[in-house]
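A.B. asks: The structure follows.
The values are calculated or read from the model by the stated rules, or taken from the named source; none is laboratory data. None of these values were measured; they are calculated from a predicted model. We place every Cβ from the backbone using ideal geometry, glycine too, and count neighbours over all the protein chains shown. When the accessible area is computed, the model is the full protein with side chains, heavy atoms only, and any ligands, DNA or RNA have been set aside. Shrake-Rupley method; radii C 1.70, N 1.55, O 1.52, S 1.80 Å.
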Amino acid sequence: MATVYANSSDGYVGYGNSAGWATARDASTGTTISDSGASYVLGVSAYFARRKYSVYRSFFVFDTSSISGTVSSATFKVYGVTNSGADIIAVQATSDASSLATGDFNAIQGWSSGDNEGNVTAYSSEITTWSTSGYNDITLNSDARGHMTSNSTLYLCLLEYDHDLKDSAPSDSGPKSGLYFADTTDSSKRPYIDYTEEAVVASTDAIFFGANF
């Protein structure tokens, strides 16, 4: 088992306090961004409060250049904080996530308007429980593991599943989940991926020339 920690450039981009759901959810540019905070209680959320809609997405970058073999298993570990109401999914982000700005609100591979479940590249299944006092284990699928194997960098986004991904306006507050980022000074709460590489088996085949048997 090996470990790779998220780069310190991780963080969230959000669009807050919009009078319309489509304005917040389908924006190409967010209204707020942080790539240096220790944690955020709204890190993955899509909610309705005071007659306004808000959407927050969290982005992570991992240096996978040291991986030389095939990744056979991988678990993304994220420490939660305060809120736990959002169902969450990990999806492939674009390379724009390597340096976050408000313009990276939709830096998600395949993202468009409408229900995006069939458009994005999912890196996990839907996560329906969230701990606020420990690590949450997100099992990464074959697409994520394949990108870890073949690419030098893994770009990943955590989205709220039921409303943000599926494009369904929330009501009555709406789901929120909080999480820690790489910039936390508490090293026991930093996001990371545990992964296993398949062992490389040396070939036993040989070709002999000029040998007498």
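A.B. asks: Could you go through the stretch 196-208 and let me know if any residue there is of a type outside the set (G, A, S), under 17 Å from the mean Cα position of the chain (by Cα) and either modelled with pLDDT under 95 or outside any loop (DSSP other than H, G, I, E, B) (or both).
C.D. replies: no
A.B. asks: So, restricting to strands (runs of 3 or more DSSP E) that lie completely within the stretch 1-71, which ones have at least 1 residues that are open to solvent by 30 Å² or more (accessible area, probe 1.4 Å), on the phi > 0 side of the Ramachandran plot and at pLDDT 95 or above?
C.D. replies: Fully inside the stretch 1-71 and qualifying: 11-18.
A.B. asks: Do you know which residues across the stretch 161-179 are open to solvent by 40 Å² or more (accessible area, probe 1.4 Å), assigned to a strand (DSSP E or B) and at pLDDT 95 or above?
C.D. replies: The answer is K176, and nothing else.
A.B. asks: Oh, and also: Could we say that N141 is free of Cβ contacts under 8 Å to residues at least 60 places away in the same chain, over 16 Å from L42 (Cα atoms) and either out of contact with any Leu (no Cβ under 6 Å at 6 or more places or on another chain) or open to solvent by less than 10 Å² (accessible area, probe 1.4 Å) (or both) here?
C.D. replies: Yes; evaluated as a whole, the condition is true for this residue.
A.B. asks: Okay, moving on. If you check A74 against the conditions, is it free of Cβ contacts under 8 Å to residues at least 40 places away in the same chain and not hydroxyl-bearing (S, T, Y)?
C.D. replies: Spelling it out, it is not the case that A74 is free of Cβ contacts under 8 Å to residues at least 40 places away in the same chain and not hydroxyl-bearing (S, T, Y).
A.B. asks: Kindly evaluate S113 against the criterion of being in a loop (DSSP other than H, G, I, E, B) and open to solvent by 70 Å² or more (accessible area, probe 1.4 Å).
C.D. replies: Answer is yes for this residue.
A.B. asks: List pairs: first in the stretch 186-199 and open to solvent by less than 70 Å² (accessible area, probe 1.4 Å), second part of a strand (DSSP E or B) and among the acidic types (D, E), Cβ under 9 Å, 6+ apart or cross-chain?
C.D. replies: Final answer for the pair search is D194/D137.
A.B. asks: Now a separate question. Between T121, T132, T153, T102, which is surrounded by fewer than 20 Cβ atoms within 10 Å (Cβ to Cβ), under 17 Å from I33 (Cα atoms) and either of a type outside the set (A, V, I, L, M) or in contact (Cβ under 8 Å) with a residue 40 or more places away in the chain (or both)?
C.D. replies: Of T121, T132, T153, T102, the one residue that is surrounded by fewer than 20 Cβ atoms within 10 Å (Cβ to Cβ), under 17 Å from I33 (Cα atoms) and either of a type outside the set (A, V, I, L, M) or in contact (Cβ under 8 Å) with a residue 40 or more places away in the chain (or both) is T102.
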